[in-house]
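The values are calculated or read from the model by the stated rules, or taken from the named source; none is laboratory data. Here the structure is a predicted model, which is why all the values come from computation and not from measurement. With ideal geometry, Cβ positions are generated from the backbone for all residues, glycine too; neighbour counts draw on all protein chains shown. Note: areas computed on protein heavy atoms with side chains; ligands, DNA, RNA excluded. Shrake-Rupley method; radii C 1.70, N 1.55, O 1.52, S 1.80 Å.
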Amino acid sequence: QVQLVESGGGLVQPGGSLRLSCAASGIIFSIYTMGWYRQAPGKQRELVATIIGGGGTNYLDSVKGRFTISRDNAKNTVYLQMNSLKPEDTAVYYCSGLGDSGLHWGQGTQVTVSS
């Protein structure tokens, strides 16, 4: 059974930082492409960042230079370091894993950027 469990969300002031974590089980983590998506109220889910097994990354233009995705294959965990957060980053953030058993999702973690 595949499980992706996110943690690290919360309330932060504009300009602040948060680090999201996603612990995976039930998959051969090292060969999976891992990603972070987000969905704000009334908007479609959008891809924020991805990282392949070898470490190559891609980012949504609006988060480039502020967010960093990384992975620890020994811990089956993917991270999203978010710096210089803006109110428009407020959303539910979802971890995703794409590999030989298909596309899997975590349950989501709320990130709220507000003063």
Inset, instruction - Answer yes if at least one residue in region 71-83 is at positive phi and polar (S, T, N, Q), and no otherwise. - result: yes
Inset, instruction - Go through (1) closer than 24 Å to Ser115 by Cα; (2) loosely packed, with under 14 Cβ neighbours inside 10 Å; (3) in contact with a strand residue (DSSP E or B) (Cβ under 6 Å, 6 or more places away or on another chain) and name the single condition Gly42 misses. - result: (3)
Inset, instruction - Residue by residue through region 47-69, note down the ones that are open to solvent by 50 Å² or more (accessible area, probe 1.4 Å) and under 14 Å from Met34 (Cα atoms). - result: Leu47, Ile52, Gly54, Thr57, Asn58, Tyr59, Thr68
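Open to solvent by 50 Å² or more (accessible area, probe 1.4 Å), closer than 26 Å to Pro14 by Cβ and in contact with a Lys or Arg (Cβ under 7 Å, 6 or more places away or on another chain): is that true of Ser84 in this structure? Before the answer, list the steps.
Details: open to solvent by 50 Å² or more (accessible area, probe 1.4 Å): yes; closer than 26 Å to Pro14 by Cβ: yes; in contact with a Lys or Arg (Cβ under 7 Å, 6 or more places away or on another chain): yes.
When the stated conditions are applied, Ser84 passes them.
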Legend entry - Residue list for region 4-25, filter: in contact with a Ser or Thr (Cβ under 8 Å, 6 or more places away or on another chain), free of Cβ contacts under 8 Å to residues at least 60 places away in the same chain and farther than 15 Å from Val92 by Cα: Ala23
Legend entry - Long-range neighbours under 6 Å by Cβ, at least six apart or interchain, first residue closer than 13 Å to Ile69 by Cβ within region 34-48, second of a type in the set (A, V, I, L, M) and open to solvent by 10 Å² or more (accessible area, probe 1.4 Å): Tyr37/Leu47; Val48/Leu60
Inset, instruction - Residues being surrounded by 14 or more Cβ atoms within 10 Å (Cβ to Cβ) and not in a strand (DSSP E or B): count how many of those fall in region 1-15. - result: 3
Legend entry - Residues of region 49-70 satisfying the condition of being at positive phi and at pLDDT 95 or above: Gly65
Inset, instruction - Within region 95-112, identify whether any single residue is at pLDDT below 95 and charged (D, E, K, R), and answer yes or no. - result: yes
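Can you tell me how many residues within region 16-29 are more than 13 Å from Gln81 (Cβ to Cβ) and open to solvent by 30 Å² or more (accessible area, probe 1.4 Å)?
Taking region 16-29 and keeping what is more than 13 Å from Gln81 (Cβ to Cβ), we get 23-29.
Going one step further and asking which of them are open to solvent by 30 Å² or more (accessible area, probe 1.4 Å), we end up with 23, 25-26, 28.
Residues flagged as more than 13 Å from Gln81 (Cβ to Cβ) and open to solvent by 30 Å² or more (accessible area, probe 1.4 Å) within region 16-29 amount to 4.
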Legend entry - Wholly within region 18-115, strands (runs of 3 or more DSSP E) carrying at least 1 residues that are closer than 18 Å to Ser7 by Cα: 18-25, 33-39, 46-51, 67-72, 77-82, 91-99, 102-105, 109-113
